[in-house]
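Structure record follows, encoded as structure tokens.
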Amino acid sequence: MKLFRTVLVGVGLACAATNAVQAAETAPSNVTHDDYGSVAASLTGVAGDPARGAAVMTDRGLGNCIACHEVTALKDAPWHGEVGPVLDGAGSRWTEADLRGIVVNSKMVFDGTIMPAYYKNSGYVRPGDLYTGKAGPAEMPTILSAQQVEDVVAFLLTLQD
């Protein structure tokens, strides 16, 4: 019986910790950009994982950053694009807050860019519901989760000159 109680307490603490992490996540509508588009506060309160960030950047179903950007550190991934700037040295050129702002919503930093906002779910002009021809929902899903944004930022910070 004592072992059972110990297991239940452990499960309860794990659930509480998970809920605390989830509660700390910033909703897309609550992200605060400064005058230059930077986002100083972490979206999750959890440090990003550079390895997971690299995976997001090369995954065609997620970030697919290399479709537009060249990244020497990801040279094993095929089809690097030339639309956006080369990201080598990004961690030296921009601060963590700058990189987070760019990934969250690059249009807040670079007026006229074609880079998508990866953590935005409203304010779109004429969103569609995939290929159905119907209007999209009032609140669109984000391309990346808050933690995936943090992971991508963590990876980009490793790209030093």
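Values in this text are rule-based calculations from the coordinates and carry no lab data. Here the structure is a predicted model, which means the values were calculated and not measured. Cβ: placed from backbone, ideal geometry, glycine included. Neighbour counts: every protein chain shown.
Residue by residue, segment 149-154 carries 3J(HN,Hα) couplings of 4, 4, 5, 5, 4, 4 Hz when phi is fed to the Karplus relation 6.51 cos²θ - 1.76 cosθ + 1.60 (θ = phi - 60°); x denotes Gly or Pro.
Using only the Cα atoms of segment 24-154, build the gyration tensor, take square roots of its eigenvalues as a ≥ b ≥ c, and label the shape rounded, prolate or oblate: rounded if a/c is under 1.5, else prolate if a/b is larger than b/c, else oblate.
Working: a/c = 1.55, a/b = 1.19, b/c = 1.30.
Oblate, because a/c is 1.5 or more while a/b does not exceed b/c.
Among residues other than residue 51 with Cβ under 14 Å from its Cβ, the summed charge is -4 (Lys and Arg +1, Asp and Glu -1). Over all other residues within a Cβ to Cβ distance under 14 Å of residue 144, the charged ones net out to -1, with Lys and Arg as +1 and Asp and Glu as -1.
Here the Karplus curve 6.51 cos²θ - 1.76 cosθ + 1.60, taken at θ = phi - 60°, turns the phi angles of segment 100-110 into couplings of 4, x, 5, 6, 4, 7, 4, 5, 6, 10, 10 Hz, with x standing for Gly and Pro.
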